[in-house]
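The values are calculated or read from the model by the stated rules, or taken from the named source; none is laboratory data. Nothing here was measured: the structure is a model prediction, and the numbers come from that model. In this analysis, Cβ positions are derived from the backbone assuming ideal geometry, glycine residues included, and neighbour counts consider all displayed protein chains. Note: areas computed on protein heavy atoms with side chains; ligands, DNA, RNA excluded. Shrake-Rupley method; radii C 1.70, N 1.55, O 1.52, S 1.80 Å.
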Amino acid sequence: MRTADKGVVAMTLSRLDTTGTGRRRVPALLTLSVTGTLALAACGAGGAAPADDATTGDDGGSSEALTVLVEGGGKAELEPVAEKFTEETGTAVTFVELPYDGLYDRLSSELSSGNVSFDVAALDAIWLSAFADGVQPLDDVMTEDVQADLFPALVEEAQVDGRFVGVPVWTNAQVLFYRTDLLEDPAEQTAFQARYGYALTPPQTWEQYLDVAEFFTRDVDGDGATDLYGTDVKGAVETEWLATVLQAGADGMVVDADGNVIVDDAAHKEALDFYVAPLVAGHAPAGAAQIDWAEAQNLFYQGQTAMTRFWAHAYTQTPEDSPVHGKVGVVPMPEGPGGLGAVPGAWYLSVPTATEKSELATEFVRFALENNELGLDTALGLAATKPALESMAGDEGHENLRALIDSLEADGTMPRPATEKWQQIVDTVLVPLVQKAVDGGDTQQLLDEAKAQVEDILG
């Protein structure tokens, strides 16, 4: 999750592979001046994560109370639900907030010991397999009607060994952000039409994306140096490349449904070649191996890139002092040979087996799902159900929701492989693979090496 601080150093990120990929590296600092607080989570939670446990809540005189364990930004997303739950049931809800790594460690320690200090926990999507043995089945909550209101990828992701171990409460996905002052400028549109033979619009295909990236890479100041790039290439994260793998028509990301390692197949190579193409052509900033979510967002906010593929929640969070404030459009990511595909970034509520308040905790989880639309009025502005997202998709200021819905509904969208070793694969294989690729490595050789490494990890 990320949070933007106030003043000259705008954002310090505790974790911003907001795809829900597990423990993360030391964050970069964003230097764009921002006033106010900015949530930059990608996978779901937004807001500042306290350095230590932060407990909030009031029993309000009630004899019943629940403790909910959340990652830093999770409280902001769930607080409206908790307030309404307390009003209607008289049950106090106390949040214990932890940084991402701290949350993982607390869950790991307490769920394995069977001695828990919480009744409900917000779990990153990729943790579900790892913690499945320590949480209760929620099949009674995930009825057929509920499943019909959820995106297929979330229904699939919520299950481990045929039982539902979590209920999604908010989700995210990458979409395409672009500068409307550039792509909607009549002079730019005329010049683009003359050069490429078709109209300048937000790119809908890989080919159009590369053309637009090329077109807007230029020397704006006339000093001989490129100061505007068409897009960015993020070498320090893996999820965006995995989204292009799905757009290439792959049968899975890295591992297929049968457990076969397919990271070396033609779709993964085609996606990796496309992913690095803007950098190879000089249409993305150099130093891509170190560019992560935070740095890419900062480049866009500073007006140095015309487009960026980023998590949908960020649409409403452009700093007021940014040169692109009020000039940002959003559409789904461009389609590849396999069509549109995205990687969901969802968070789930789970109930530990060891809690003595199982019935009440399950009631809260069900209530959170039934009141899912309350999350749309938070700083993160996300929900998990189709009806909730649809309810505000046409509203001013929530134009990002239509792009998010279309991305999550796409046939090519699917969750990451359900293995408790996914984070190890990400950190030791996939991120180094992408970094070497953006540094000019032979993509097929890198993928062949990655296959051997992943097979070794999975045993």
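Taking 20 Å as the cut-off for C-alpha to C-alpha distance, list the pairs among LYS234/LYS269; LYS234/LYS436; LYS269/LYS436; LYS75/LYS386 that go past it.
LYS75/LYS386
Only helical DSSP H runs with n ≥ 4 go in: add -39500 (n - 2.57) per run for the chain, normalise by residue count and round the 222 nm mean residue ellipticity to 500 deg cm²/dmol.
On the way: 17 runs with 162 residues, N = 459.
That calculation yields -10000 deg cm²/dmol at 222 nm.
Can you work out the accessible area per residue across the chain, with the rest of the protein chains kept in place, probe 1.4 Å, in square angstrom? Let's see the in-between values first.
Details: 17110 Å² over 459 residues.
Per-residue accessible area for the chain comes out at 37 Å².
Compute the distance in nm between two label points, each set 7 Å from the Cα along the Cα-to-Cβ direction, one at THR180 and one at ASP139.
Going from the THR180 label point to the ASP139 one covers 4.9 nm.
Let me see the pair-distance distribution of the stretch 259-403: every alpha carbon pair, 5 Å bin width, integer percents in order.
That works out to 2, 7, 13, 15, 15, 14, 12, 11, 7, 3, 1, 0, in percent per bin.
With only Lys, Arg, Asp and Glu charged, each at its Cβ (+1 for the first two, -1 for the last two), find how big the charge dipole of the chain is about the Cα centre; round to the nearest 20 debye.
Numbers: 25 positive and 75 negative charges, 176 e Å.
Dipole about the Cα centre, nearest 20: 840 debye.
Could you please state how large a percent of the accessible area of the chain is carbon and sulfur, counting protein chains only and using a 1.4 Å probe? If you can, show how the numbers build up before the last one.
Working: 7760 of 17110 Å².
Result for the chain: 45 percent of the exposed heavy-atom area is carbon or sulfur.
Among GLY222, GLN297, LEU107, pick out the residue whose Cα is farthest towards the positive end of the charge dipole of the chain, where Lys and Arg carry +1 and Asp and Glu carry -1 on C-beta, about the Cα centre.
My answer, from the dipole projection, is GLY222.
Apply the Kirkwood formula to the chain: the hydrodynamic radius equals the inverse of the mean of 1/r over all pairs of different alpha-carbon atoms; give it in Å with one decimal.
Over the chain, the inverse of the mean reciprocal pair distance is 22.3 Å.
Just to verify a number: FRET efficiency for GLN290 and ALA148, C-beta to C-beta distance, R0 = 35 Å, to 0.05?
Details: r = 43 Å, r/R0 = 1.24.
After rounding, the FRET efficiency stands at 0.20.
Let me know the Kirkwood hydrodynamic radius for the stretch 333-381, please, with Cα pairs as the basis and the value in Å to one decimal. Intermediate values should be presented prior to the final figure.
Values: mean 1/r = 0.0715 Å⁻¹.
Hydrodynamic radius (Kirkwood, Cα only) of the stretch 333-381 equals 14.0 Å.
Can you give me the distance in nm between label points at ASP395 and ASP219, each placed 7 Å from the Cα along the Cα-to-Cβ direction?
In this crude label model, ASP395 to ASP219 measures out at 4.8 nm.
Tell me the Rg and the Dmax, in Å, that the Cα atoms of the stretch 397-459 produce.
Here Rg and the maximum Cα pair distance are 15.9, 48 Å.
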